[in-house]
Amino acid sequence: MKRESRTVDRSDQVVSPATQRHLPLVDLLVDTRAELMELAVASGLKVLHTMLEEDRTAICGPRYQHQVERAASRAGTVPSEVVLGGRKVEIRRPRVRTDGEEVALPTFQAFADNDPLNRRVVEQMLVGVATRQYARSLEPTGAHVRTRSTSKSAVSRRFVAKTAAQLDAWQSQPLDALDLVALLIDGVQVGEHCIVVALGIDKTGRKHALGLWDGSTENAAVCQSLLANLQSRGLRTDRSVLVILDGSKALHKAVTHTFGQAALIHRCQVHKLRNILEHLPESQRPWVRAIMTRAYRHSDAATARRLLHDLVRRLEDRYPSAAASLREGLDETLTVLTLGVSDRLRQSLASTNAIESLISRTRHVKRNVKRWRGGQMVLRWMAAGVLEAVKGFRRLKGHADMPKLIAALRARDQQLGIADSAENVA
């Protein structure tokens, strides 16, 4: 039996106009040859206008409909500005009035907030965009959209205002909730100013940027002022804390004055090794570096101390300056070896690399600044760089062994007789 074909001939069928799809946005894109960003901006502004009208309708009621208990009335439109893509865009805002006063539209208040604009300005500046080139770094909005707040002066004013607010908020942030076990302090020269920065490490191995202070040099008074500020904000100084320094006598004096016997000071081994090698000729540096590296990587503090004292005796006759430099602060370079922590955590705490990395980030942020116009400008840029670096903070390498470090510090408290006061505060 011959099977009937199921193929349907659609050549004579007529498509109903109701089933046809019309894409006006595609037609607009083809007709105007506009970029996608410009098309998105134009469409977004239309959506915003619709949302503003919906707000007005919710307050005033439907248009052209009589309402006996109308709470507010329509009052036309007025030129206004909203924040869009790092700039201000002019729109026609619907007005609502009641009892002779303007009624705020919730949607307009949300889009007119200047904080997103200020954040965008700061982010652009921190990634290296100059104030004169700020407008070029933004996405195009189209010639039909009127914009402002992208000039050099406007960008500069917003950056100053935002970074000043960030600095004030950061410098007043309380520290009493942080359970810090280690503190790193270092200084950096910026123009004619020396900025001292403090970095804390809590019991979980997380890093916290604590504060900074401005001075002409890295002297004891500047360091003392920074520590006094941290102490007034809640930094605990009544129990043992590991303080890692680069060897600065001013920092050492300020730390001992603030913490007293609670300060367990460790000298950066990288700085000490670098200082010793600078006192030696090139031919003598390899074997000295090998001995010092072997001592610093040893797990036993007594063995490491013996190796370094033997090296002092070998250098005494031919290179007395190198021997004196090695002898000075020798025991403090071995502090971390006495804590009984793992090799990975000991290497993380043996140097000031954590705060050096933080400071290097600030150098990258302020690389485009050609002239410093006072200490306040330096503090604002440094704070902006520090807060930018905080976003990329990771926990200390070897943080899993932090309980051993905490146990060693609390045992030291008991030996020094300061355990009772620390427990009372806790």
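Projecting the Cα positions of Leu280, Ala135, Leu39 onto the charge dipole of the chain (unit charges on Cβ atoms of Lys, Arg, Asp and Glu, taken about the Cα centre) puts Leu280 furthest along the positive direction.
Just how far, in whole angstrom, is segment 171-230 from segment 64-120 if you go by their alpha carbon centroids? Between the Cα centres of segment 64-120 and segment 171-230 lies a distance of 45 Å. In plain terms, the bigger the Kirkwood radius, the slower the diffusion; for segment 155-253, with that radius from Cα pairs, at 25 °C and 0.890 mPa s, Stokes-Einstein puts D at 170 µm²/s. Summarising the label geometry, the points placed 7 Å from Cα in the beta-carbon direction at Arg119 and Glu332 lie 4.3 nm from one another. The phi torsions of segment 222-232, fed into the Karplus equation with coefficients 6.51, -1.76 and 1.60 and a -60° offset, translate into couplings of 5, 5, 5, 5, 4, 5, 5, 5, 5, 5, 5 Hz, rounded to whole numbers, with Gly and Pro shown as x. Here the dipole of segment 106-229 is about 820 debye; that uses its Cα centre as origin and unit charges on the Cβ of Lys and Arg (positive) and Asp and Glu (negative). When +1 charges are put on Lys and Arg Cβ atoms and -1 charges on Asp and Glu Cβ atoms, the dipole computed for segment 312-426 relative to its Cα centre reaches about 1040 debye. With all protein chains kept in place, the per residue accessible area of segment 155-247 amounts to 36 square angstrom at a probe of 1.4 angstrom. Normalised Debye scattering of the chain at q = 0.14 Å⁻¹ gives log10 I(q)/I(0) of -1.24, counting only Cα atoms as equal scatterers and leaving out solvent.
The aspartates and glutamates within cross-link reach of Lys397, meaning a Cα-to-Cα straight distance under 19 Å and a gap of 8 or more places when in the same chain, are Asp179, Asp202, Asp343, Glu356. Projecting label points 7 angstrom from Cα along Cα→Cβ for Ser137 and Ser73 puts them 4.9 nm apart.
Counting only protein heavy atoms and using a 1.4 Å probe, the accessible area of Glu102 comes to about 80 Å². Per the Cα gyration tensor, segment 306-358 maps to an equivalent ellipsoid with semi-axes of 26, 14, 8 Å, ordered largest to smallest.
Heavy atoms of the protein chains alone define the surface here; on that basis segment 306-426 has 54 Å² accessible area per residue at 1.4 Å probe size. Each stretch of four or more DSSP H residues adds -39500 (n - 2.57); spread over every residue of the chain, this sum gives -14500 deg cm²/dmol at 222 nm.
Tell me, what % of the accessible area of the chain is carbon and sulfur with a 1.4 angstrom probe? C and S fraction of accessible area: 50 percent. Bridgeable lysines around Lys162 (alpha carbons under 27 Å apart, same-chain partners fewer than 8 residues away excluded): Lys88, Lys152, Lys207, Lys366, Lys370, Lys391.
The values are calculated or read from the model by the stated rules, or taken from the named source; none is laboratory data. The structure presented is a predicted model; accordingly, all values stated were derived computationally and were not measured. Because the Cβ atoms are built from the backbone with ideal geometry, glycine has one as well, and the counts that use them run over all protein chains shown. In case anyone asks, the SASA skips ligands and DNA or RNA and just uses the protein heavy atoms, side chains included. Shrake-Rupley method; radii C 1.70, N 1.55, O 1.52, S 1.80 Å.
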